[in-house]
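These notes concern the structure reproduced below.
Rule-based calculations on the coordinates, nothing more; no lab input. Quick caveat, the model's predicted, so the values are computed rather than measured. Reconstructed Cβ throughout: ideal geometry from the backbone, glycine too, with neighbour counts over all protein chains shown.
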Amino acid sequence: RKEVEQDPGPFNVPEGATVAFNCTYSNSASQSFFWYRQDCRKEPKLLMSVYSSGNEDGRFTAQLNRASQYISLLIRDSKLSDSATYLCVVNERVGGGYQKVTFGIGTKLQVIP
Amino acid sequence: DVKVTQSSRYLVKRTGEKVFLECVQDMDHENMFWYRQDPGLGLRLIYFSYDVKMKEKGDIPEGYSVSREKKERFSLILESASTNQTSMYLCASSPRTGAGNTIYFGEGSWLTVV
């Protein structure tokens, strides 16, 4: 089983739609979670951290379910500019206070006019 | 803003050549990473470093080596480039403390080996 699993998509949705992505992780000791956005031929950039209580940033909502070991990203009122690949990132602390960072393969979103 | 700079953005090299990819970060981060990204495979960790002169193998270190002589600089070396090393290479850095620290990426280096 992969450490971090995502559906690669693509998810093709019309403008204005609501779309949700899930990401599952295998290590229950994982400590922190993020969503990154990557545009075509660009580097990944932090979209938002994911907190246990859930958090929202404008049209974006992130949720963490530790019991089921998944995180989710909800995008409301999709814009054309939301078209990108969304990477799930899981951090765990290893010996010495260092972090092991694992990326999902990414979910591609295409918002259609 | 954190800046991670990869000086070589686009390179074309011949099979067997030695290739250096340089990465510099300006935020005094302890951790630095080299990834490669290929279609359908996602980001794969090649090497990482938690301190000066320190290096650890990632998931796919074969055919690569690294150097970290200064805290701000982390170099990836392809000793003898091969066509299967054609890829986008991403350098990243993050502060050490805790497991919740953001990773910042450079813009990527596109390497083609012919």
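For the reader, a short list of remarks on this structure follows.
- For A:LYS2, the lysines whose Cα comes closer than 30 Å to its Cα, not counting residues fewer than 8 places off in the same chain, are A:LYS42, A:LYS45, A:LYS100, A:LYS108, B:LYS55, B:LYS57.
- Neighbouring Cβ atoms from other chains, within 10 Å of the Cβ of residues in A:65-73, number 0 on average.
- Electrostatic bookkeeping for B:VAL52 treats Lys and Arg as +1 and Asp and Glu as -1; over the other residues with beta carbon under 13 Å from its beta carbon, the sum is +2.
- In chain B, the alpha-carbon atoms span a convex hull of 99 Å³ per residue.
- Evaluated over the stretch A:44-113, the Cα radius of gyration and Dmax, each in Å: 13.9, 50
- Selection from B:VAL66, B:SER87, B:VAL52, by position along the positive dipole direction of the stretch B:1-88 (Cβ): B:SER87
- GNM result for chain B, Cα springs below 10 Å: residue of B:GLU62, B:GLU72, B:GLU30 fluctuating most strongly: B:GLU62
- Global geometry of the stretch A:1-104, whether rounded, prolate or oblate, following the gyration tensor of its Cα atoms and the 1.5 cut on a/c: prolate
- Zone of A:ASN12's modelled label, taken as backbone nitrogen in the stretch A:66-85 under 11 Å from a point 7 Å along Cα→Cβ: none
- Residue-count net charge about B:THR112 - beta-carbon cut-off 15 Å; Lys, Arg +1, Asp, Glu -1: +3
- Near B:ASN84: Cβ cut-off under 15 Å, other residues only, Lys/Arg at +1 and Asp/Glu at -1. The net charge is 0.
- Remark: mean inter-chain Cβ contacts per residue of A:39-46 equal 5, using a 10 Å Cβ-Cβ cutoff to other protein chain atoms.
- Exercise: per-residue mean of other protein chain Cβ atoms within 10 Å, B:36-47: 3
- Computed FRET value (nearest 0.05) for A:SER28 with A:LYS79, which takes r as the C-beta separation and R₀ as 30 Å: 0.25
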